[in-house]
Amino acid sequence: MEDKILIVDDEPEIADLISLYLQNENFIVFKFYNAADALKCIESEKLDLAILDVMMPGMDGFQLCKKIREKYQYPIIMLTAKGEEIDKITGLTLGADDYITKPFLPLEMVARVKAQLRRYKRYNEGPLKEEDVIVHSGLVLNIKTHECTLNEKPLSLTPTEFSILKILCQNKGNVVSSEELFHQIWKDEYYTKNNNTITVHIRHLREKMGDSFENPKYIKTVWGCGYKIEK
């Protein structure tokens, strides 16, 4: 069954371009030029991924992202204006999984979509095995179902947040750099030294887990190196 992709952008030429390239890859595309119309589709269709422009009249991409995250966990890619770093940080904090800066290469967009869908689908494939469950100090991650609990209380994590926590738990006692986390999650070479994507996701994870930055129980920052979870 083809994956269903939502595109919301008030610039028709951009929305049409993305739609064309994704349809050529056999995706089913739902295209809208405003958030109000997109909301109806979000409620009526079983979507697999959303691409949201940040700057839209009425309800903007941030508000729409937040609305989606109230009920759904499929990947969200934000489209941001060139150089607007605050847009990227805000989108990631609200639950987006990735962002692409305009202007962008359509083939890069397609690659990002496919990468996000691959990660998302891995959570729900095949029978559960012992190695598909990670347990650490009250934290339980089910790799197949993308479910996470902390002290028996469910944590609502985005696919990216879940992936970061999984990688850190699988490398307990060892430091994992931001660059390594980025490459393991996105499988590409777009990381730069000023990329704070991982930092924002880590901060969001700590907030959800009630973990302290100054005296962390779970995710520890190793300055100049990366992050780790103690054994």
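Coordinate-derived values only; no laboratory data. Keep in mind that what you see is a predicted model, and the values were worked out from it rather than measured. Using ideal geometry, Cβ is built from the backbone for each residue, glycine included, and neighbour counts are taken over all protein chains shown.
The residue among Thr160, Ile185, Gly138 whose Cα reaches farthest toward the positive pole of the charge dipole of region 130-229, with charges on the beta-carbon of Lys, Arg, Asp and Glu, is Gly138. Nearest 500 deg cm²/dmol is fine: what mean residue ellipticity at 222 nm does the chain get from its DSSP H runs of n ≥ 4 alone, each adding -39,500 (n - 2.57), divided by its residue count? Mean residue ellipticity, 222 nm, calculated: -12000 deg cm²/dmol.
Given a cut-off of under 8 Å on Cα pairs at least six residues apart, what relative contact order in percent is computed for region 4-122? Spell out each step's value before the answer.
Numbers: 189 pairs, mean separation 27.6, N = 119.
Computed over region 4-122, the figure is 23 percent.
With R₀ set to 35 Å, the beta-carbon distance separating Ala111 from Val135 gives a calculated FRET efficiency near 0.55.
Stretch Lys144-Lys217 to full length: gain in nm at 0.36 nm per residue minus the Cα-Cα span? Present the calculation step by step, with values, prior to reporting the outcome.
On the way: separation 73, 0.36 × 73 = 26.28 nm, distance 2.53 nm.
In short, 23.8 nm is gained.
With the chain treated as a Gaussian network of Cα nodes joined by springs under 10 Å, which of Tyr120, Tyr99, Tyr33 yields the largest mean-square fluctuation? Sorting by GNM fluctuation, first place goes to Tyr33.
Each Lys and Arg adds +1 at its Cβ and each Asp and Glu adds -1 at its Cβ; summed about the Cα centre, the chain shows a dipole of about 840 debye.
Based on Cβ point charges of +1 for Lys and Arg and -1 for Asp and Glu, what charge dipole magnitude is obtained for region 130-229 about its Cα centre, in debye rounded to the nearest 20? Intermediate values should be presented prior to the final figure.
Working: 12 positive and 13 negative charges, 56 e Å.
Rounded to the nearest 20 debye, it is 260 debye.
Applying a threshold of 19 Å to the alpha-carbon distances of Lys67/Lys187; Lys121/Lys217; Lys66/Lys153; Lys208/Lys228; Lys4/Lys71; Lys187/Lys217 flags Lys67/Lys187; Lys121/Lys217; Lys66/Lys153; Lys187/Lys217 as lying beyond it. Between Phe27, Phe62, Phe182, the GNM of the chain built on Cα springs shorter than 10 angstrom shows Phe27 fluctuating the most.
Where in the chain are the DSSP H helices whose C-alpha atoms run 15 Å or more along the long axis and whose mean Kyte hydropathy is at least -1.0? Mind dumping the intermediate values first?
Numbers: long enough: 12-24 (18 Å, 0.35); 106-122 (25 Å, -0.84); 159-170 (16 Å, 0.66); 197-209 (18 Å, -0.41).
Helix filter hits for the chain: 12-24, 106-122, 159-170, 197-209.
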